[in-house]
Amino acid sequence: MKRLPPLNAVRTFEVAARLGSFAMAGRELGVSAAAVSQQVRHLEEYFGKKLFMRNGNRLSLTDAGLAIYPQTSRALDEIATMTTRILEGEMRTRLIVSVPFSLAEGWLAPKLASLLEIYPQLSVDVRVEDDPVDLARHDVDIRVSYGDYHYPSLTAIALFHDQVVPLCAPELWYRHGNPTFDLSQVHESLFIHTQWGPNYASHPTWSEWYAQQVGQPAPDPAQGRRSGLSSLSITLARLGCGIALGQKLLAQADLEAGRLLALSAASLPLGHAYCAFVPADKRKRANVQRFIELLGGETLGSTGSSR
């Protein structure tokens, strides 16, 4: 067993050495100067060394006192830091959130800002990556995914099922549109086509939207603008680069601020809902539960949404 000096005496010594006065140390510790002197004497007897010299009304450290003071001060600071961390609870621990590229800025960032207003000292690690992600290997607390099929061993917590609508900047429509919002009269070069990549086939396209709403051939992707991210398509639309079939939830802030115009109330649902996945050993953490609630999912006291 490691030998330790009397810890109360060590704490008293650190305060007296830092303040240079038994009386001032007593006021900080809430005891008398005599009690401080007694504790210091106890520590001196333990080490067999004189720790202080008196210089009139001022204390100064002896060579032995100077030898032990820096380590004593650091050790007490580390104990105080540990105590604060434990008493302030789990919300100070790091939260690792993994999301697809399209959700990171337009959807996750505002949610994260709300959480940090409540817990400003929370350490957060946001990772933007494609499915599937090795949650255990990378110590991920929460993974948000399109669909519920990437992590079959975990329960899917349904977050939202988004829809797409035609979107563009008001200035673009005023220049190239028409009063009746008739998309069939717009040149096909102005349409933005979102390419989700080879792993996806369930996302709605202009062909589907035209088939349901216009009854005419859809604009040719080869004649328009193409984007590899749904969030990028919305950004391009906001900047006046074309008309996107954009996700309503991702575009919500731009729609409310008037930076984007919804050209039709007719929408198409995405093929799958967005879901959150939490490893079993993370489910009871307070920061994980609170963040799931802010994302719009169920509390983790229940089993979550099942497949």
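Just checking, does region 201-208 include any residue being crowded, with 18+ Cβ neighbours inside 10 Å and among the hydroxyl-bearing types (Ser, Thr, Tyr)?
Looking for residues that are crowded, with 18+ Cβ neighbours inside 10 Å and among the hydroxyl-bearing types (Ser, Thr, Tyr), one finds none in region 201-208, hence no.
Of the residues Phe191, Phe277, only one is touching a Phe, Trp or Tyr at 6+ places or on another chain (Cβ under 7 Å), in the same structural domain as Pro110 (by TED's automatic domain parsing) and in contact (Cβ under 8 Å) with a residue 12 or more places away in the chain; which?
The conditions single out Phe277.
So for region 217-225 (the condition being at pLDDT 90 or above, surrounded by fewer than 16 Cβ atoms within 10 Å (Cβ to Cβ), not hydrophobic (A, V, I, L, M, F, W, C) and not in a helix (DSSP H, G or I)), does at least one residue qualify? Yes, region 217-225 contains a residue that is at pLDDT 90 or above, surrounded by fewer than 16 Cβ atoms within 10 Å (Cβ to Cβ), not hydrophobic (A, V, I, L, M, F, W, C) and not in a helix (DSSP H, G or I).
How many residues does region 158-217 contain that are of a type in the set (A, V, I, L, M) and farther than 15 Å from Ala244 by Cβ?
Going through region 158-217 one residue at a time, the tally reaches 5.
Yes/no matrix, rows are residues, columns are (1) in a helix (DSSP H, G or I); (2) within 31 Å of the chain's Cα centre (by Cα):
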{"site": "Ser207", "(1), (2)": "yes, no"}
{"site": "Ala237", "(1), (2)": "yes, yes"}
{"site": "Gly246", "(1), (2)": "no, yes"}
{"site": "Ser264", "(1), (2)": "no, no"}
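Considering (1) surrounded by fewer than 15 Cβ atoms within 10 Å (Cβ to Cβ); (2) part of a loop (DSSP other than H, G, I, E, B), say which one Asp125 fails and leave the rest. It is condition (2) that Asp125 fails. Looking only at region 247-301, how many residues end up being modelled with pLDDT under 90, polar (S, T, N, Q) and closer than 23 Å to Pro100 by Cβ? So the answer is 2.
The values are calculated or read from the model by the stated rules, or taken from the named source; none is laboratory data. The structure presented is a predicted model; accordingly, all values stated were derived computationally and were not measured. With ideal geometry, Cβ positions are generated from the backbone for all residues, glycine too; neighbour counts draw on all protein chains shown.
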